[in-house]
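These notes are about the structure you will find just below.
The values are calculated or read from the model by the stated rules, or taken from the named source; none is laboratory data. Small disclaimer: the values here were computed from a predicted structure and weren't measured. Here the Cβ positions follow ideal geometry from the backbone for every residue, glycine too, while neighbour counts run over all protein chains shown. Calculation scope for accessible area: heavy atoms of the full protein, side chains included, ligands and nucleic acids excluded. Shrake-Rupley method; radii C 1.70, N 1.55, O 1.52, S 1.80 Å.
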Amino acid sequence: MKMTDTLFGHTNDEPVMEYTLVNDSGMSVSCLNYGCTITKILVPDRCGNIENVVLGFDQFFDYLDLSPYFGCVVGRAAGRIRNAEFTLDGESLQLTANEEPNHLHGGKKGFHSVIWKSEPIETESAVGLKFFYRSKDGEEGYPGNLDTTIIYLLNNQNELSITYEARTDQKTIVNLTNHSYFNLSGNLKRDCSEHVLQLDGDRFLELDSDLIPTGRLLEAANTPFDFKHGRLLKSGMKSSHPQNVLAGNGYDHHLVFSKKGENTVVLTDKESGRTLLMTTDQPCVVLYTANHLEGLYSISGVRARNYLGVCLETQGLPIDFNQPHFPATLLNPDEVYRSTTTYRFFSKTIGV
Ligand code: FUC
């Protein structure tokens, strides 16, 4: 296993580095110190063809100008916060309204668009990177200095793990995720409508027309939101269920896992034979089928179009709806926020 690095660009005079982690089993992961952005994940298909399974740009300036959060870490709080405000201990706090009038994915200069300090990691069984960023008190409106560490590790089982850790000096909210758009066909040969998703979740959060959860948990049974036995993503893209239509004909929803603790999500592309087995300690995953990706730009030579990728954003429940049986997205000074999601790639279909 090894790691290489190369200069990828500059932002505000700071060098943007691209690091590539390579294991002994034919897999590699490339990422930037800008937003901890994963630019490429190369894995074999059933015939051994090694191809890219995430959406990313070849040039750094495209990340600055065009990126719909490709591959990056999202924080301090993933998702939308209504009217960019929330109340903490009776005090009303105003965040940046970067999607007027709401706050989206940590604000204008969220964790996705800052340079992180980086350090290589090499162990017996893995190669990786440790990223660090101090978000200052008041940044994008959030209270407290927040020290965040994110660790990417790649092992020889074709498994990438992402561990998030954060500490604060004042009560604040933290809800971190990774925003990779997966496409298991390899090098964007097809869109994701034929990908099959399987996970154990009975309920999902209803969205309003601003794509903000209303707080109502809806039953998934007998709807396109029931993934228990595996479901083609296109069933939600083509569905007339009002929640699929409102999301832009597809999914942009928090799917809540049925059980507490560790949960798995399986994404399969039968044609290439590739499977992604994702394991997480988070209580839900936002499934976003890139319903609004269409644009006048290209992604590694392929014109941006809807459904070209699928995001599986593991995270806590949104701030308004913390419930006693889910871990809170609130963080106190005497606590550590810690969470891990792993992504294991197979070149065969498993179990669905
Ligand atoms: C996802 C979605 C949003 C948005 C963004 C780029 O997380 O929830 O609707 O379009 O990513």
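Scanning segment 273-285 for residues that are open to solvent by less than 10 Å² (accessible area, probe 1.4 Å) and more than 13 Å from the chain's Cα centre (by Cα), we see that the one that is nearest to the ligand (Cβ to nearest atom) is L276. For segment 199-254, filtering for residues that are in contact with a Cys (Cβ under 8 Å, 6 or more places away or on another chain) and open to solvent by 20 Å² or more (accessible area, probe 1.4 Å) leaves 0. Please specify each residue of segment 38-67 satisfying the condition of being away from the ligand (no atom under 16 Å from the Cβ) and surrounded by 22 or more Cβ atoms within 10 Å (Cβ to Cβ). Matches in segment 38-67: T39, I41, V43, V53. When R338 is tested against the conditions (1) among the basic types (K, R); (2) exposed (fewer than 15 other Cβ atoms within 10 Å of the Cβ); (3) under 30 Å from C47 (Cβ atoms), the lone failure is (3). Given the criteria within 26 Å of D65 (Cα to Cα) and open to solvent by 10 Å² or more (accessible area, probe 1.4 Å), does G309 qualify? In short, no.
For segment 68-86, a residue qualifies if it is aliphatic (A, V, I, L, M) and either in contact with a helix residue (DSSP H, G or I) (Cβ under 7 Å, 6 or more places away or on another chain) or away from the ligand (no atom under 11 Å from the Cβ) (or both), and the qualifying residues are V73, V74, A77, I81, A84.
Here Y288 meets the list (1) more than 14 Å from the ligand (Cβ to nearest atom); (2) open to solvent by 10 Å² or more (accessible area, probe 1.4 Å); (3) within 17 Å of the chain's Cα centre (by Cα) almost entirely, failing just condition (1). For residues in segment 18-65 being of a type outside the set (F, W, Y) and in a helix (DSSP H, G or I), which is modelled with the lowest pLDDT? The selected residue is D65. Counting only residues that are away from the ligand (no atom under 15 Å from the Cβ) and within 18 Å of the chain's Cα centre (by Cα), which one in segment 239-263 is nearest to L317 (Cα to Cα)? Only one residue tops the list, namely V256. Of the residues making up segment 178-196, those that are assigned to a strand (DSSP E or B) and either within 16 Å of the ligand (Cβ to nearest atom) or open to solvent by 20 Å² or more (accessible area, probe 1.4 Å) (or both) are N178, Y181, F182.
One residue is enough: does segment 299-311 have a residue meeting the conditions under 18 Å from F204 (Cβ atoms), within 13 Å of the ligand (Cβ to nearest atom) and touching a strand residue (DSSP E or B) at 6+ places or on another chain (Cβ under 6 Å)? The answer is yes, given that some residue of segment 299-311 is under 18 Å from F204 (Cβ atoms), within 13 Å of the ligand (Cβ to nearest atom) and touching a strand residue (DSSP E or B) at 6+ places or on another chain (Cβ under 6 Å).
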